[in-house]
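One structure is given here, and the rest of the page talks about it.
The values are calculated or read from the model by the stated rules, or taken from the named source; none is laboratory data. Note that the structure is a prediction, hence the values are computed from the model and not measured. Cβ placement follows ideal geometry from the backbone for every residue including glycine, while neighbour counts extend to all protein chains displayed. With ligands, DNA and RNA removed, areas are computed over all heavy atoms of the protein, side chains included. Shrake-Rupley method; radii C 1.70, N 1.55, O 1.52, S 1.80 Å.
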Amino acid sequence: MKQDIFTAGSDTTATTVEWMLADLLNHPDCLQKLRAELDAVVGRSRVVGEPDVAQMPYLQAVLKETLRLRPPAVFAQREAIEPIHVRGYTIPVKTSVFFNIFSIGRDAAYWEEPLEFRPERFMPGGAGEAVDPKGQHMQLMPFGSGRRACPGMGLAMQAVPAFLAALVQCFDWEVPNPPLDMEEEAGLVTARKQPLVLLPTQRLHPLPLP
Ligand code: HEM
């Protein structure tokens, strides 16, 4: 059980932080907006933390957009406990059924220009404004849904954006060899194919040395 929690909770969260940062670096206008929100809500005299996340709608939108476009867990699996009829097909009892979380988030029937990284779609007035990623809306279910949905989703929705926000607040990030390669590695967790190599420059000094 402990092993399950560590395995399921470490790669997923680390990968999400990496993709968030990479997508922000590819979209400097989004990075600027996030910095402006950080300056307004937190300022520069302390490090952003989990309690700030609720006051930062743009940060939350960046997280949701990353989970839509680059969900770390690409599918969820269930077993039919009785025959199910879907669109003229019958799924027999005991059949494994896979939900393609990756494709659902990129479905053009639900998401305008689905391959574009656009956190604004989750901001007030955007088409995704009311869409909750925690398994209530089928067009976005990065944590799965139902009784076996991810039990770490509440933690992830707090800790991941707080960590990313601290990276953006405390450092400027330079891409040594632009453009960033955004290819995905096939696997249980969709990691970056190439490691995210960046050069950090300190931007604020949250823990001044004595
Ligand atoms: C961005 C972060 C995360 C994402 C996207 C994610 C996604 C998922 C998904 C899609 C599932 C399968 C759900 C289903 O079948 O309906 C799952 C299961 C699970 N997750 Fe997460 N997860 C994340 C973070 C975490 C964290 C932080 C923990 C623990 C601290 C965790 C623990 C688990 C466990 C134990 C399961 C298996 C649940 C079961 O089989 O009943 N996850 N996760």
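Test D132 against the stated conditions and say whether it is in contact (Cβ under 8 Å) with a residue 40 or more places away in the chain, of a type outside the set (S, T, N, Q) and out of contact with any Asp or Glu (no Cβ under 7 Å at 6 or more places or on another chain). So D132 fails the test.
Note on region 126-135: residues that are out of contact with any helix residue (DSSP H, G or I) (no Cβ under 6 Å at 6 or more places or on another chain) and open to solvent by 40 Å² or more (accessible area, probe 1.4 Å) total 3.
Being more than 19 Å from G144 (Cα to Cα), outside any strand (DSSP E or B), modelled with pLDDT under 95 and not acidic (D, E) is true of R44. Taking the criterion of being touching a residue at least 24 places away in the same chain (Cβ under 8 Å), within 15 Å of C170 (Cα to Cα) and surrounded by 15 or more Cβ atoms within 10 Å (Cβ to Cβ), the residues of region 26-51 that qualify are L31, L34, R35, L38, V42, V47, V48. Being modelled with pLDDT under 95 and crowded, with 18+ Cβ neighbours inside 10 Å holds for only one residue in T7, T12, and it is T12. From the list M182, M157, M138, M123, the one residue that fits, being within 14 Å of the ligand (Cβ to nearest atom) and surrounded by 13 or more Cβ atoms within 10 Å (Cβ to Cβ), is M157. So which of C170, C150 ends up being surrounded by 16 or more Cβ atoms within 10 Å (Cβ to Cβ), of a type outside the set (S, T, Y) and under 24 Å from A8 (Cα atoms)? Answer to the selection: C150.
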